[in-house]
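Here is the structure we will look at.
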Amino acid sequence: MPTVSTSLPVVCAVWPLPQPVFTNVLPKVIHNREVTAGDRPRGPASGKAPEDISRFSFKLSTDKPVSLSPDQADTSATMPRKCYVRVALDVPIPALYDYCSAQVVEVGQRVIVPFGRREMVGMVVERPAAPAIEATQLRAVSQVLDDLPPMPDDWLRLMEFAARYYQRPLGEVIMPALPAPLRRAHAYTGKRAGTGPVRRLEKRLQKATAELAELPASVPPSLTDEQFAAVAEIVAAQGHKVFLVHGITGSGKTEVYLHAAQDMLSRGRQVLFLVPEINLTPQLETLLQARFSQTEGVGRLAVLHSGLADGERLKAWYRALTGDARILVGTRLAVTAPMPELGLIIVDEEHDASYKQQDGLRYSARDLAIWRAYDRDIPAVLGSATPSLESWSHADQGRYQRLSITKRAQATAMPEVKLVDTRRLRLDQGVSPHVLTAMEARLNEGEQVLVFLNRRGYAPVLRCESCGWVSQCSRCTAHTVLHRRPGRRAALQCHHCGQHSFVPRACPCCGDHDLKPMGRGTQRIEEFLAERFPHARIARIDADSTRLKGSAERLFTQVHEGEVDILVGTQMVAKGHDFANLGLVAVLNADAMLFAQDFRAPERLFAQLMQVAGRAGRRRAGSEVLVQTDYPDQPVYRALQRHDYVGFAQYALEEREALALPPYSYQALLVAEGKQLADSIEFLSLARDLPAAAPESYPTVGHITLYDPVPLRIVRVANVERAQLLVESVSRPALQRFLSQWSVDLFRAGRDARVRYSLEVDPFEI
Ligand code: ADP
Ligand code: ZN
Ligand code: ZN
């Protein structure tokens with residue numbers, strides 16, 4: 001099988017199940033709701049004003065839920081039936097399943113149930129008075145898992161909202177949000193299951209707490225006026241409010257977060273702190289541990305990210321649930337961690353693309369964080385030097401409160417940004433004489449230099465000089481990238497499907513031996529600079545050099561400790577790192593991103609360049625940034641030169657408004673993947689025509705634009721051919737209304753189609 005995303009709705013022919021009845025049912029009621037999102041006053045949904053996700057009017061379905069029998073009837077009808085439960089299971093079917101239980105089960109508890117021939121862990125989301133199928137057809141819960149208290153109501157509401165908003169079956173949202181050991185039936189029923197993962201963890205935790213060592217406390221710096229003002233606003237917030245901390249790089253946003261967190265902790269509440277990258281967690285973890293170990297006690301911090309082993313992940317999640325952890329620092333997946341005493345959510349670098357999950361439930365952790373804060377009636381703090389245009393326009397409209405920090409915390413000037421017009425320059429391996437000269441000068445002064453190139457590998461393509469053949473992936477419509485490997489033969493690697501092959505000794509087309517790398521990646525630049533500056537210590541940080549666990553941390557430590565003179569890196573080096581001695585940043589091929597098709601490309605380029613430029617001169621004056629470009633007049637570069645996010649945002653928003661692009665409209669993207677492009681296109685055409693076939697089911701279709709299906713830019717990946725269909729509306733409620741019906745019809749249509757499909761709400765890349 002090709003390696004396509006595993007979590008697309010696949011049709012369920014494998015289980016002995018009755019024909020599913022399609023429903024857009026999610027549990028009608030989740031008990032004891034404290035706050036119902038739908039109960040709150042909401043502003044009118046005007047076409048123009050962008051709305052954040054929390055303004056999306058969230059109404060629970062009033063349709064009668066229809067549930068499916070998980071299997072044929074259980075004929076031993078004599079068993080006692082204390083209660084009926086409606087269970088969410090991780091199966092790609094938009095339905096819930098009813099069971100009976102001899103034991104009383106609470107909503108939010110996990111149960112092991114028979115499903116077809118399997119035993120699965122599911123979660124009880126409702127206790128209906130009567131099952132939706134014949135009582136005699138009900139099967140019984142095999143085991144009630146009571147090693148955890150029922151999941152909190154607000155957690156269930158978050159799951160329910162995510163399922164509804166992102167158009168996924170509830171079970172496919174709830175179950176993957178639990179740590180793996182909690183959703184495996186054999187973790188409880190297997191031979192070596194013993195008392196189960198939670199009890200085992202509890203034993204380990206009891207032993208562990210005794211061993212924690214006291215950390216030296218770190219004293220916070222006294223805040224600058226702007227920091228102080230920002231903190232004062234945040235801590236004064238009553239109930240829900242979203243703050244957008246717009247602070248230039250080096251302005252000390254972290255300190256603002258820490259003070260706000262401190263305040264919330266001292267009121268006995270938990271704090272959720274989201275960061276975009278795993279690489280950033282160790283630095284932050286150390287800082288937080290040192291800062292809070294005095295007030296909160298040692299070890300009251302937990303860290304949660306996808307790089308953790310199952311057991312570690314369970315531990316952090318469990319400590320958040322029990323309230324043992326007062327602060328949870330994590331990447332996007334941490335947004336679904338249960339935190340019963342949650343009082344504040346912080347989203348650092350809120351514009352970052354890593355907050356968007358790219359498969360399965362394609363959620364935005366930032367958006368869910370905002371909804372969660374809204375639902376719990378608590379403040380959320382978003383921060384960035386280059387906020388997303390969505391958030392910026394919310395602030396423009398007063399939905400978010402903007403808190404600006406315009407000066408650097410440590411009185412150093414912003415680096416000077418210079419554009420190097422490369423149109424008439426002779427470049428040496430893509431590097432201009434200006435950059436080489438500046439590097440030399442900085443190195444002579446003992447300063448560090450960062451060379452930024454967003455392309456890993458040695459060269460993006462291998463080419464035959466005599467016939468023009470270029471290296472191509474056999475499974476994708478993409479070039480293969482040349483990678484040099486120390487001590488091994490060079491390889492051609494496809495960056496789309498991951499396929500590796502050796503570099504051919506001769507041209508596969510004409511037999512010539514004159515094969516040359518074309519273009520440059522980080523490996524080649526590293527090699528070139530090593531020749532050019534033989535005395536400099538060079539390190540390269542990209543996805544290849546940091547593949548091994550711990551290697552990224554090690555490399556960054558070397559840089560921080562001044563053991564590296566020249567750092568060559570991709571976007572991995574741009575974020576959050578505080579390099580003390582960096583005097584020069586050189587950006588080599590920014591233009592590559594300038595003309596990308598995606599309408600967000602300029603925004604992303606600008607953010608990335610601001611980030612990378614912001615690494616310079618954080619502790620020293622007189623630093624500079626050199627950006628090589630063939631297009632020095634582009635607004636992105638002009639704004640960068642002036643460090644002018646505000647000007648850039650205004651320009652970009654005007655352009656978006658003129659074209660009715662987000663945030664002035666809302667989008668969803670349907671992607672189909674098939675063996676043949678024609679199949680994918682055919683499915684999308686069918687999908688596009690669904691509303692016309694049943695207009696009465698689509699009351700808002702008049703406010704929806706359905707574009708034509710088009711092939712993806714890289715059509716074939718791993719022998720799967722892909723096409724997409726964009727759906728757009730200026731009204732979020734209209735789009736949501738449309739999608740909830742469409743997703744049901746798509747599921748039905750998808751059963752007979754020869755393609756897999758995925759539906760993404762608020763796509764980040766189109
Ligand atoms: P940002 O995330 O806004 O780019 P950081 O939070 O990384 O900036 O802060 C930049 C540097 O300034 C850090 O080294 C931090 O320790 C320091 N810093 C922050 N606030 C202060 C302050 N009030 N006084 C002195 N130094 C500060
Ligand atoms: Zn050839
Ligand atoms: Zn490939």
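The values are calculated or read from the model by the stated rules, or taken from the named source; none is laboratory data. It should be emphasised that the depicted structure is a prediction, and the values quoted were computed from it without experimental measurement. As a convention, Cβ positions derive from the backbone with ideal geometry for all residues, glycine included, and neighbour counts pool all protein chains shown.
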note = Expected output for region 507-521 (first residue free of Cβ contacts under 8 Å to residues at least 60 places away in the same chain and within 10 Å of Cys467 (Cβ to Cβ), partner among the polar types (S, T, N, Q) and within 11 Å of ligand 2 (Cβ to nearest atom), Cβ below 8 Å, 6+ apart or cross-chain) is Cys507/Ser466; Cys510/Ser466; Asp512/Ser466; Asp514/Ser466
request  = Residues being part of a loop (DSSP other than H, G, I, E, B), in contact with a strand residue (DSSP E or B) (Cβ under 6 Å, 6 or more places away or on another chain) and more than 11 Å from ligand 2 (Cβ to nearest atom): count how many of those fall in region 487-519.
outcome  = 5
task = Determine, yes or no, whether Arg424 is surrounded by fewer than 21 Cβ atoms within 10 Å (Cβ to Cβ) and modelled with pLDDT under 95.
result = yes
request  = Return the residue satisfying two criteria in turn: it lies in region 182-233 and is part of a loop (DSSP other than H, G, I, E, B) and charged (D, E, K, R), and of such residues it is modelled with the highest pLDDT.
outcome  = Arg184
task = Confirm whether Arg619 is surrounded by fewer than 20 Cβ atoms within 10 Å (Cβ to Cβ), more than 21 Å from the chain's Cα centre (by Cα) and closer than 21 Å to Glu563 by Cα.
result = yes
task = Looking only at region 263-283, decide whether some residue is crowded, with 20+ Cβ neighbours inside 10 Å, of a type in the set (S, T, N, Q), more than 16 Å from ligand 2 (Cβ to nearest atom) and over 24 Å from the mean Cα position of the chain (by Cα).
result = no
query = If we scan region 436-457, do we find a residue that is within 30 Å of Asp154 (Cα to Cα) and more than 16 Å from ligand 1 (Cβ to nearest atom)?
reply = no
task = Within region 328-366, work out how many residues are more than 16 Å from ligand 1 (Cβ to nearest atom), within 26 Å of Ala639 (Cβ to Cβ) and at pLDDT 95 or above.
result = 4
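Any residue at all in region 652-661 that's closer than 30 Å to Ala718 by Cβ and not in a strand (DSSP E or B)? Steps first, answer last, please.
As a first pass, look at region 652-661 and keep what is closer than 30 Å to Ala718 by Cβ: none.
No; the residues of region 652-661 include none that is closer than 30 Å to Ala718 by Cβ and not in a strand (DSSP E or B).
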inquiry  = Restricting to region 288-329, and then to whatever is more than 27 Å from Lys356 (Cα to Cα) and hydroxyl-bearing (Ser, Thr, Tyr), can you tell me which residue is farthest from the chain's Cα centre (by Cα)?
reply    = Thr295
remark   = From the option list Ala478, Ala490, Ala413, single residue qualifying as more than 16 Å from ligand 1 (Cβ to nearest atom), more than 29 Å from the chain's Cα centre (by Cα) and either closer than 22 Å to Met593 by Cβ or of a type outside the set (Lys, Arg) (or both) is Ala490
note = For region 479-490, the count of residues that are among the hydrophobic types (A, V, I, L, M, F, W, C) and at pLDDT 95 or above equals 2
inquiry  = I need every pair where a residue in region 601-630 that is in contact (Cβ under 8 Å) with a residue 40 or more places away in the chain and over 15 Å from Ala580 (Cα atoms) has its Cβ under 6 Å from the Cβ of a residue that is away from ligand 1 (no atom under 16 Å from the Cβ) and part of a loop (DSSP other than H, G, I, E, B), sequence separation at least 6 or different chains.
reply    = Gln628/Thr422; Gln628/Ser432; Gln628/Leu588; Asp630/Thr422; Asp630/Arg423
